[in-house]
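Data block below; observations after.
The values are calculated or read from the model by the stated rules, or taken from the named source; none is laboratory data. Because the structure is a prediction, the values reported are computed rather than measured. Backbone-built Cβ (ideal geometry, glycine too); neighbour counts: all protein chains shown.
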Amino acid sequence: MIAELGDLIGAIGPRLRAFRLARDLTLATVAEESGLSISTLSRVETGKRQPTLDVLLPLANVYRVSLDHLVDAPPTGDPRVHLEPRSMASGGVIVPLTGYPGRVRAFKHVLGPREPRLVAHDGHAWLYVLAGRLRLLLADDEHILEPGETAQFDPTTPHWFGPADDNPVEILHLFGPHGDRPVSRLDGLGPR
């Protein structure tokens, strides 16, 4: 048991370094965002300092992951996933379904009526309508999606999505921050 705990603690530094590098962040950037010194971050990443909660909590916040995911804590035997709904500044609620920033992520959105405001950013977006009707604006084009319908688009195109009427809409939203796309293992396996 003690050896397993030592192995777990010894793996945290390299894991923190992997989180930082996967996000293309420098030690200086993480230090600025976390309030920790570059020296502390470097010593923790290289194993010269044991990570403590006063270091791990700010890093979990910077990397936007739970503390148990950050340290790769062993499972507790409870298979339930504890989702954390968050209110969005633009209105509605978002529920992150995955916790892997830097890769394709899944969210459930519940969006209420709001004014359209086109935005553009890097990545790749895929939407699936669970309930309600979704209004999707892509530059000068408008699309109405019904439950069970999907859309995918390059979010560098100015876009907005929300309810098509006065009722809320629920969607499943997959987003790849670097243009990553949700890919089926069956892609390319059609008739030849």
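Among the numbered conditions (1) part of a loop (DSSP other than H, G, I, E, B); (2) under 30 Å from Leu16 (Cα atoms); (3) at pLDDT 85 or above, the only one that His109 does not meet is (1). Take the conditions under 22 Å from Pro96 (Cα atoms), surrounded by 14 or more Cβ atoms within 10 Å (Cβ to Cβ) and either among the small types (Gly, Ala, Ser) or modelled with pLDDT under 90 (or both) and apply them to His173. Does it pass? In short, yes.
Per the conditions (1) surrounded by fewer than 17 Cβ atoms within 10 Å (Cβ to Cβ); (2) at pLDDT 90 or above, the sole criterion not satisfied by Leu136 is (1). Here Leu145, Leu127 are screened, and the one residue that is outside the structural domain of Leu21 (by TED's automatic domain parsing), of a type in the set (A, V, I, L, M) and closer than 22 Å to Arg86 by Cβ is Leu127. The residue that is nearest to Gly91 (Cα to Cα), counting only those in the stretch 119-159 that are of a type in the set (A, V, I, L, M) and within 21 Å of the chain's Cα centre (by Cα), is Val119.
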